[in-house]
Every structure is written in structure tokens, then in C-alpha cells.
Amino acid sequence: MIELSGIEKIYKVRNPDHRAWRRKSEESRFEELQALKGIDLKARKGEILGILGPNGAGKTTLMKIMAGLLIPEHGTGTVNGYDLFKERNKARTSVNLSRSGDWVIFDYKLSILHNLRYWGVVMGVPWKDLDSVIEEALTAVGLETKRNEYPENLSSGMRQKMSLARCLLSDRPIYLFDEPTANIDPISAKFIRDFAMSSLAGTGKTVIISTHNLWEAEMICDRIMIIDEGKKLVEGPTEQIKKTYGGEYALVRLSEVTDTLIFNLEALSFVEQALRMGETWERGDKQQLLKVTGDVKSNINELVVTIAIHNRLFNIEIKEPSLNDVFMKIVEGEE
Amino acid sequence: MSRAQASVSEDTKHSLPPKQRLEYVASYVARRGRLWYRFKISFLFTLVSMMIAISIWFFFNFIFGEGGAKAIAEQDFGSNYFTYVLIGVIINQYIVITITLYMGTLQDSYWQNQLEMYITSPGRMGTFFLSSIVWTYLYSSINVLIYFAVGIFVFGATIALSPAGILILIVILFILIVALSGIGLISASMFFLINAKGDVEPISWFVVTLTGLVSGVFYPPEIFITHFPPLYALSKLFPQTYAIQGIRRVLINGADFASPEILSIILTLAIFAVILFPLGIYAFKAGIRKAEREGKLTRWT
Ligand SMILES: Nc1ncnc2c1ncn2[C@@H]1O[C@H](COP(=O)(O)OP(=O)(O)OP(=O)(O)O)[C@@H](O)[C@H]1O
Ligand SMILES: [Mg+2]
């Protein structure tokens, strides 16, 4: 379990306008970059929390803070019940962090097996458990047949899998994955997702994933949090967020959209709005388009009946919003 | 675009036109210049290192002759000068290794992006450094054995080794390692504290370079009393000066725990250790903390 409240992180970055030789320069040498602005977060046991946001939003920064590798300027937090500031070492050893690109830690002149044996021991796996733990991790990422190969000969996706395997070696209550499936093929990615859901979250681990793959987040995250420029924009159960921010709608193709029809539709309790969307031609028929928002999916019969009484109904499509739509709407709406 | 122009631009794919070549050279020179400028301090250090090496050779002048190092050493230890220097040089290896080990180990892990892993390991940095010490000592002990074997069997160095002597050696070396680890850790802390990520770190450089000059590796520090007294005082500020003296006493004179000189050396070393080691840990932790604040435990965020 992780709880953060009011986390703020301010980086000092070199001021590009500063000139060392201009003694009386107005600009100071460093300027401040606030990467996180008052982030509250709660990740529970057995759930997968997705952190989404554009490049530079602060996802990695947040991950590093939760892993105890970065000290924030403000805020409090506990990781696995340990205070993030006062019990740093215990908090740190409660977390397995995997970062994209952290395969660079491996020695290219040692086999995958030897590399994982070393890192297993470093992460606290006793010798006697090493073999079984490594076997399990390699199977989870689909590298079990490669154990005697050398990292220098692996494809970039395989290297990524290898570093994921490294992260799975030590049994810790919290797993943080920073873009785990970037570079990984769809079949392996599915395999890894299933593993995260069944073997990690399913066994009571706390899992936090940052990703740009919204489709993936939609599939596995129980809850998501969207951040941009260090600010939390929304947080909540994935389904609920989709409903609130996306909203499902029905796209209806019919012979004519009359004012009466719109009036009749909007009179229905489950309809929020009926909107004219213009017209198209299809196979010689003029079709008018109508967008009906509201709880249309579960009331599809009533909707069809209401429309079909007076009109020729060509087609009705229920559109469910994807997380992608929601993300675009929220992040773009922010700008 | 005319045909002629087109063919010119076609050619540029295979070779650079003169102007571009010039630009290339200029860019390269600028880059090297920038890199050199960033590490300009290291050039200074190299210069001073050379000066000190030269002065070591200068003081070799005083090895021979009346009141010279050779005479003092042979008179003091009653041995030949070769045995004296052999021991000095070998111990100096250990000293240099210990002082530079922490920075080297930290640096390697940093450049390989491993530091975060070691920090989140239940073994923390302590176990990591310890592993590194053990490996380095095992590794360099092979060198040392070869040195001693060749020194004794080929060049006739005379070494006195008793069980009690071995015990004293272990005690002295252990306390020396603890004390020098303090210096090593302070040196390693500079990696983050003053961003000493280039090739020269001032603290270890200072101690390592001066050890050769003043700590009695090649000649007794006593020769400075007549030739240059400040260096004699400086020699007293380094734990290794005492350790080298003590180890020579054991290996040449077969001194044991009954010797008051040995006891005072052990005590002095212990004082160094008690002061330097906690200081080293403190500095090192401060360095890591700074990196944790800046998000610079790894090279790339
Ligand atoms: N160590 C650092 N020092 C200075 N600035 C930093 C540091 N780490 C991150 N930043 C800045 O903080 C902001 C957030 O970076 P962060 O790496 O957390 O983004 P992110 O959400 O992970 O982005 P991405 O999707 O590209 O991985 C960026 O503007 C980045 O430039
Ligand atoms: Mg990131």
C-alpha cells in the first residue's frame, strides 16, 4: 500500500540564460522546475493503479519518490506502512521498481542467468531460492529458453523483458513499473499483463504502472490517475472515469431528423442530449446523422422504438469512449 | 534547381565539401575544447602530481651518504635498504587501493545506472562496498604475494614472520583499512557533493600523491627533519605513516605485542579510525542525500 499526500517536487535546473563570464548577470545560475504540484495518491493492496500523462508530466518523478530514490520538497507519505522520510530504508526495500531502459545495469559479458543470479542476490534473494525464483521470472516474461544467452545479443524488446524479470526476482509487496511494455510485442505484452494481474495484483501486491499505452491501461488498471505538468487532473476507477469524462453515445443513421424526434428523445429519462450531426449518402440513400448521449447502451430497445416509429432507421451504433478519448479530452481541455 | 546543382548535391553524400569539412573540424575542436574546459582542473592536478613525483626522486638524493635515508633506515631497522623499500612499496599499494576503491566503485555503479539498485537492495551501500573491498583485496593479494616471493627468493629480502607477527599485521592492517575507508568515503562523497564526476577527485588525489612523498614509502620521514621540516609534520597527519612504520617493525624486526612502539602505533591508528570512519560515513550519506534531492542517482532520469 502506498499513500502520498501533498507531494511537491522542485528540481533545480541550469538556467539557460545564465552566463558564467557575465559577472553581473541578472539571471541566477539555477532556476526552479516544479515537476510535481501537490500530488495525493493512494494505491491499495491487490489493485493496479495506472499513472498516465504526457511526456514530462512527472510520472517517473512520482515513481522515484515512491521507490525512495528521490526526496520531495513537500508532502508526506507512507510506503508499505513505512514513513517515506523517517523509515527510508524500510520503505525502499518494500518496493520493486522497474524503469524502462534499466537493462543497462546488466553486464553484457555475462549470460542472462548469471546476470539475474547476481541481481537476485543483491535484491535479497537467498542462494537456495535463486534457481526457482529466476525460473519463475523468466517464464513470466517469456525468456525461459534464453537463459544461457548474452544480453549483448538480445533484441531491445528482449532486453526489456530481461530487466522486467530482474524486477520480479525479489518478493516485495509493491511493484512499480515505469513503462513496462514499451518495445514489447503484443503477445508477450499480453502475457506480461496477465502476469501482473494474476500473479502480482491477484496475490495481494500493490502494482503501479505508468504507461503511454492507454489501451493497455484501460485493460488492466483498476484505477487510473492522469497527471499533466505535475498536477493531478483526475483520479478514480477506470470505468467511472470513462463514464464521467467520455460518456457513451449512440450514433444513429436515419431518413430524417425532425424537431419532434429530438424533442421526443430528450424527453426520455436516460437521454442527456440528442444532436444533429449532418448527413451522408450511402448507396443512393440520403442518411441523416444523430448523436444521442446518455445511458444509451442499457436502454437500446427503447431508443430504437422511439426512433423507428416515425422514421426509417438505417443503423444504430453504440460508441463507448476509450480511455484514449478521455485522456485527449482531459489533457487537451487543460491547455 | 538546375542539373549542375543537382549533381553537386548528389556528390555531397559521399564526401564533404571543403566548407563543411572546416565546419566539421571546428565543431570537433569546439567539443574537445568544451570537454577540456569542463575538466580543466584535472590538468592542474596532473601538473602537481608530476611535481610531487619529481620531488620524490629529489629526496632519493638523500638516500645515500651520511645522515641519508639509507643510513637512517638501515641503522633504525638494522636491515638492508631493499627489504625496507619492498615493504614500503607493497603497503603503499594497499593504501592507494583502499583510498580510491570507494570512489571507483561508486563511479562504476553510477555510470552503469546500477546505483539505484544497490540503494534499494537490502544490503544497502555497505554490503556493496564490502564486497568490493573483499574482491579488490583478494585480487591485489596475488600481486603482493608475487612481489614478496620475488623480493625474498630472487633479491634476498629478509623477512621475519612469527605467528604473533601475523596477528599484529592483521590488527594493523584492519585498523588501517577502517581509517583509510574514512578517507575513501569522504573522497567518494565528493562525487555528488562537488560533482567530481571527471577523472580527478581532489581528496583522494591529495592523500595518495602525498603518501608517496611523506609517509615513508621510499625513505624514512625523518629525513625531512633536516631537509624540509613542514613535510615531517605533514607525514604525522596520515595514518598510513604509522602503519608503514609498524608493519616494517614486524616484518623486519619481528616486533610483537610487547613492543611499546607497536602498541602506540596501534593506538594512534585506532584514534585515526575512530575519527575518520564516522566522518566518512557522514560525508558519504550527505552526498547520496544530495543526489536523492536532485534526482541524480542515475545519469539519466
Ligand atoms: N533529475 C532531474 N533534474 C531536473 N529536472 C528533472 C529531473 N528529472 C526530471 N526532470 C524534469 O521534470 C519533469 C518531469 O519529468 P519526468 O521524468 O517525471 O516525466 P515523465 O512523466 O516520466 O515523462 P516521460 O513520459 O517522458 O517519461 C520534466 O520536465 C523533466 O525535465
Ligand atoms: Mg518517464
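Within 10 Å of the Cβ of each residue in B:110-121, the mean number of Cβ atoms contributed by other protein chains is 6. For trypsin sites (Lys or Arg not before Pro), the sites in segment A:56-137 that DSSP calls loop and that have at most 16 other Cβ atoms within 10 Å are A:Lys86, A:Lys109.
Mean 1/r over all different Cα pairs, inverted: what Kirkwood radius does segment B:11-294 give, in Å? List each step's numbers first, then the result.
Working: mean 1/r = 0.0471 Å⁻¹.
That comes to 21.2 Å for segment B:11-294.
For chain A, the fraction of alpha-carbon pairs lying more than 31 Å apart is 49 percent, rounded to a whole number. The accessible surface of segment B:125-170, taken with every protein chain in place and a 1.4 Å probe, is 81 percent carbon and sulfur. Accessible surface for segment B:11-294, divided over its residues, is 51 Å² per residue with a 1.4 Å probe. Across peptide A:95-101, the mean count of Cβ atoms from other chains lying within 10 Å of each residue's own Cβ comes to 2. Here B:Phe64 sits with roughly 130 square angstrom of accessible surface, probe radius 1.4 Å.
Over chain A, dividing the summed -39,500 (n - 2.57) contributions of all DSSP H runs of at least 4 residues by the number of residues returns a 222 nm mean residue ellipticity of -9000 deg cm²/dmol.
Less than 13 Å Cβ to Cβ from B:Phe128, Lys/Arg counted +1 and Asp/Glu -1: what total charge do the surrounding residues give?
Working: positive: B:Arg124; negative: B:Asp108, B:Glu116.
Neighbourhood net charge equals -1.
The calculated Kirkwood hydrodynamic radius for segment B:224-275 is 11.9 Å, given to one decimal from all distinct C-alpha pairs.
Checked against a 30 Å cut-off, the cross-linked pairs A:Lys161/A:Lys297; A:Lys9/A:Lys146; A:Lys12/A:Lys45; A:Lys64/A:Lys205; A:Lys9/A:Lys205 give Cα-Cα distances beyond that limit for A:Lys161/A:Lys297; A:Lys9/A:Lys146; A:Lys12/A:Lys45.
The alpha-carbon positions of the protein assembly as shown define a convex hull whose volume is 281 Å³ per residue. Can you compute the label reach from A:Lys297? Point 7 Å from Cα along the Cβ direction, backbone N cut-off under 20 Å, restricted to segment A:203-228. Residues A:214-225 fall inside that zone.
For the pair A and B, how large is the buried accessible area, both sides, in square angstrom to the nearest 100, if the probe is 1.4 Å?
Details: alone 17610 and 17100 Å², together 32710 Å².
Interface area, both chains combined: 2000 Å², rounded to the nearest 100.
Average accessible surface for chain A: 50 Å² per residue, computed with a 1.4 Å probe over protein heavy atoms with every protein chain in place. Take each residue of peptide A:118-129, count the partner chain Cβ atoms within 10 Å of its Cβ, and average: the result is 2.
Take the alpha carbon atoms of segment A:284-304, find their center, do the same for segment B:106-162, and report the distance between the two centers in whole angstrom. If we compute the Cα centre of each part, the gap is 77 Å. Looking at segment B:257-295, which residues lose a minimum of 10 Å² of accessible area between their chain alone and all protein chains in place, measuring with a 1.4 Å probe and not counting ligands or nucleic acids? Buried by 10 Å² or more upon assembly, which counts only protein chains, are B:Arg289, B:Glu292, B:Arg293, B:Glu294, B:Gly295. One Cα centroid belongs to segment B:255-280, the other to segment A:140-191; the line between them spans 51 Å.
The values are calculated or read from the model by the stated rules, or taken from the named source; none is laboratory data. Not measured: the values here are computed from a predicted model. Cβ: placed from backbone, ideal geometry, glycine included. Neighbour counts: every protein chain shown. What goes into the accessible areas is simple: the full protein's heavy atoms, side chains included, and nothing from ligands, DNA or RNA. Shrake-Rupley method; radii C 1.70, N 1.55, O 1.52, S 1.80 Å.
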